[in-house]
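Accompanying notes for the structure given below.
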Amino acid sequence: MNTINAKPRYRGVFPVAPTIFDERGELDLDGQRRCLDFMIDAGSEGICILANFSEQFTLSDDEREVLMKTALEHVAGRVPVIVTTTHFSSRVCAERSRRAQDMGAAMVMVMPPYHGATFRVAERGIREFYQAVSDAIDIPIMIQDAPVAGTPLSAPFLVSMAKEIEQVSYFKIEVPQAAAKLRELIALGGDAIEGPWDGEEAITLMADLDAGATGAMTGGGYPDGIRMITDAYAQGDTARAADEYQRWLPLINYENRQAGLATAKILMKEGGVIRCDAVRHPLPQVQPATRDGLLAIARRLEPLVLRWGR
């Protein structure tokens, strides 16, 4: 039975750190460290690494290990770090998760097992998968409920795992009608749902906060802007939170619908945080006009990222 906590261990803004490459497509570890320093300086209450927005699917196992070690050693406990350990294999995911815990991860984030367009696992297999991961570690598991997995995860099923699997206690909900699902999750699960979280670059953040979300996993380019929304909301000033959300929404929307996972790196390069904003082939580089549109919106908001490295 899952351990019930009166208060969540982790809440707030936990953006995804992009993976920084050089012009040849190799890991840029110095740039990675600067990226993490900027994200902490910009108000990140925690950081997630090796997520889909980190281009984790373009990395080798050896590169994953190097990045995890680099990030956890460099952050050095300044903020909690969530490590994404998703893999189709229960055994491999459990081993990845144990390794992340041993290196200092505060939590692991795991999608349900899937591969390509057709390989899916039924609920029994999904439950056994998360049980295997839970049995291997002593830190929380965040289930990432996202369309990319193509795996329906009903709120009652998620709640049953939260109540029955020891470490399953956080949920990043980024499916259509996320707020409705968060409400159902909280209503059915109560204290077993330690962390109902928002995702998808905060495009539904206000609705999700209204539904009871206690965390937000966004892109890594402007955590200071997201904090203006979530801090006001946490203080009970929902009108100011709504005003800030409307102010930052054009940038949030541009990230979600136009520049995608390259957004944080484009902003970081423009502000001198990193030297190269390339994504890894075969992902396409962002078109110059799209880049210019992103920067035009960002400059009006003056986020820290545009001046951190200048």
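Each value in this text was obtained by applying a stated rule to the coordinates, not by laboratory testing. As the structure is a computational prediction, the values presented were derived from the model and not from experiment. Glycine also receives a Cβ, built like all others from the backbone with ideal geometry; neighbour counts cover every protein chain displayed.
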Inset, instruction - Among Ala149, Leu294, Trp308, flag the residue with its Cα farthest along the positive direction of the charge dipole of the chain, charges on Cβ as +1 for Lys/Arg and -1 for Asp/Glu. - result: Leu294
Inset, instruction - Please report Asp237, Asp224 as a ranked list, fewest other C-beta atoms within 10 angstrom at the top and most at the bottom. - result: Asp237, Asp224
Legend entry - Residue with peak Gaussian network fluctuation, the chain [Cα springs, cutoff 10 Å], from Glu200, Glu184, Glu255: Glu184
Legend entry - Protection proxy ranking of 281-293, 152-164 - average other beta-carbon atoms within 10 Å, highest first: 152-164, 281-293
Legend entry - Assigned charges on the beta-carbon of Lys, Arg, Asp, Glu; the stretch 12-306 dipole about Cα centre (debye): 420
Inset, instruction - Compare the Cα positions of Val168, Pro196, Tyr254 along the charge dipole of the chain (+1 at Cβ of Lys, Arg; -1 at Cβ of Asp, Glu; about the Cα centre) and return the one farthest towards the positive end. - result: Tyr254
Inset, instruction - Give me Leu67, Leu59 ranked fewest to most by other Cβ atoms within 10 Å of their Cβ, as a rough exposure proxy. - result: Leu59, Leu67
Inset, instruction - Just rank His115, His87, His74, fewest to most, by other beta-carbon atoms within 10 angstrom. - result: His115, His74, His87
Legend entry - MRE, 222 nm, helices only [DSSP H, n ≥ 4, -39500 (n - 2.57), over the chain, to nearest 500]: -13500 deg cm²/dmol
Legend entry - Cut-off 13 Å between beta-carbons: net charge of the residues surrounding Arg33, Lys and Arg +1, Asp and Glu -1: -1
Legend entry - 10 Å beta-carbon shell around Ala298, net charge (K/R +1, D/E -1): -1
